[in-house]
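Participant: Before we start, here is the structure in question, set down as structure tokens.
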Amino acid sequence: MVGLPMDGTKGARVKTQDRVLIMDAAYEAEVMADVVDRVFDTFPLDLAGKNVLVKPNILSGYAPEKAVTTHPVLVSAVVEKLRGAGARVMVGDNPGLHGYGRSEKAARIAGILQAAGDSFINLGGRPVRHTVSSRVIDHVMIASEVLSADLVINLPKLKTHGLTYFTGAVKNTFGYVVGGDKMRVHADAPTPVKFAEALVDIFSIRPPDLTIMDAVLAMEGNGPSSGAPRFVGKVLAGTNAVSLDAAAVTLVGKKPARIPHLRIAAQKGLGPIDMADIEINTPIVPVAGFKMPVTFLPGIMGVVLNRILSRRMNCTPEVVEAVCKQCGICVSHCPVNAMTMAEGEFPRADAAACIHCYCCQEMCPEHAIELTGRVMSFFRRRNIH
Ligand code: SF4
Ligand code: SF4
């Protein structure tokens, strides 16, 4: 797995797509420019005259230091590099919050609108219906630029996620899907495993040509928006998003096979997740005590519970009334109308109708939604997380 040179002189059985580069990095323009130079030296692309879509994670309107969105210093360094090589650059994402102007507003708060300059596009502006060969979904409304771009460069953030446990390179391509259609996918894929399958099928529509992951300030705990920033100090890069995610999960001390969408992607032959099959430029020293979301159960018992009993044992979202501002965002973003709010009251989740997608928690701007449940409480009481 480790210490193999990347000059092609050794490890001939390892294909180029199974290489991952891990570099020390910081949110400083010069440092990031050097990091990005090294990425393109290691994974060269023919960029001149190409239409290149750059896809950061712009989940919602959060400042960079919150560690919810891809840092603008990385976006800026990549845009400069691409322009310098003669590419036509587009930068955009479909934020979780839908509605007119949301994309620009979220990007402005995240600093990505400024980093992209006149390359910023509203990725939700020209959706097309795309048929998907999947057991879970038959189509998605997808940004047309995803299909028309000559090259797609993926800029995910290393974060945890209540439903998928980990959100990185593969999960970032869920942002190909436009606006409210994400809610439909959640409703059509109402269990963690079905959603993982849908996720892999959407990723397969257009696997990125290159992924550069922002893992300088990652997010641990109850991500992708309610967790805590955690300094990791790295940028990871590679042409295979699946093996890159496997390296990132290993970097935070977890086994890639515990992440359902990575397991499914590997089974479908989209990339290796066994670290023995991935060439990495440096030994991985796992980040000590990196916290996973409360839904991720540790140990052998956790493997069994998360895989077999995941639906029944999952948490139920509960609104913390002292924090809630009664904005209604959680209600409007629940894909199955399980979250409701009577006039003058606080929102409530119907545990029987809830599909445990945690979109409500993800979208709540006040972090007013906690996940509760018998099994989770058991683990929390014992401080296992
Ligand atoms: S999104 Fe958050 S703040 Fe808004 S109503 Fe729901 S729980 Fe309250
Ligand atoms: S209540 Fe929350 S977790 Fe349950 S289905 Fe609705 S958005 Fe998903």
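Participant: Using r as the Cβ-Cβ distance of T131 and R88, and R0 as 30 Å, what FRET efficiency do you calculate, to the nearest 0.05? Spell out each step's value before the answer.
Facilitator: Working: r = 28 Å, r/R0 = 0.93.
Efficiency for this residue pair is about 0.60.
Participant: Quick one: the Cα spread of the chain along its three principal axes, in angstroms, biggest first?
Facilitator: On the principal axes, the chain reaches 61, 46, 40 Å in Cα extent.
Participant: What's the longest bit of the chain with no exposed trypsin sites (Lys or Arg not before Pro), using DSSP loop states and at most 12 other Cβ atoms within 10 Å as the test? List each step's numbers first, then the result.
Facilitator: On the way: sites that count: K10, R13, R135, K325, R382.
After excluding every exposed loop site, the longest remaining stretch is 136-324.
Participant: Also, I was wondering about something else. Okay, which of the range 108-143 sit inside 14 Å, backbone N to the point 7 Å along the Cα-Cβ direction of N51?
Facilitator: 121-123, 125-128, 143
Participant: If I take every Cα pair under 8 Å that is 6 or more residues apart in the chain, average their sequence separation and divide by the length, what percent do I get for the relative contact order? Mind dumping the intermediate values first?
Facilitator: Values: 827 pairs, mean separation 71.3, N = 385.
Value for the chain: 19 percent.
Participant: Could you calculate the contour length gain from D277 to A257, that is, 0.36 nm times the residue separation minus the distance between their Cα atoms, to one decimal place in nm?
Facilitator: Gain on stretching D277 to A257: 5.8 nm.
Participant: Taking every pair of distinct Cα atoms and averaging 1/r, then inverting, what Kirkwood hydrodynamic radius in Å comes out for the range 235-304? Walk me through the intermediate numbers first.
Facilitator: On the way: mean 1/r = 0.0783 Å⁻¹.
Every distinct Cα pair counted, the radius reaches 12.8 Å.
Participant: Something else about it: Using amide H atoms built 1.01 Å from N in the peptide plane, name the residues 5+ places from N51, or on other chains, whose amide H lies under 5 Å from its own.
Facilitator: Counting only residues 5 or more places away or on other chains, the set is R88, D150, L151.
Participant: Can you pull out the chymotrypsin sites (Phe, Trp or Tyr not before Pro) in the range 41-130 that DSSP calls coil and that have at most 12 other Cβ atoms within 10 Å? Numbers along the way, then the final one.
Facilitator: On the way: sites: Y62, Y100, F120; in loops: Y62, Y100.
Here the sparse-neighbourhood loop sites are Y100.
Participant: With the cut-off at 18 Å, tell me which of the pairs K55/K81; K182/K255; K255/K291; K159/K255; K55/K254; K66/K291 have Cα atoms farther apart than that. Don't jump to the answer; show the numbers that get you there.
Facilitator: Numbers: K55/K81 15 Å; K182/K255 28 Å; K255/K291 14 Å; K159/K255 15 Å; K55/K254 26 Å; K66/K291 16 Å.
Over 18 Å Cα-Cα: K182/K255; K55/K254.
Participant: Rounding to the nearest 10 and keeping the result within 0 to 90°, find how far the Cα-based axis of helix 192-205 lies from the longest principal axis of the chain.
Facilitator: The angle comes out at about 30 degrees.
Participant: I'd like the orientation of helix 72-84 relative to the chain: the angle between its Cα long axis and the longest Cα principal axis, in ° from 0 to 90, rounded to 10.
Facilitator: It is inclined by approximately 40 degrees.
Participant: Follow-up question, since we're still on this one. Can you find, among C357, A143, T160, the residue farthest towards the positive end of the dipole of the chain? Put +1 on the C-beta of Lys and Arg, -1 on that of Asp and Glu.
Facilitator: Working it through, the farthest residue towards the positive pole turns out to be C357.
Where a number appears in this text, it was derived from the coordinates with a stated rule and is not lab data. Please read all numbers here as calculations on a predicted model, not as lab measurements. Heads up, the Cβs are rebuilt from the backbone with ideal geometry, glycines too, and the neighbour counts pull from every protein chain shown.
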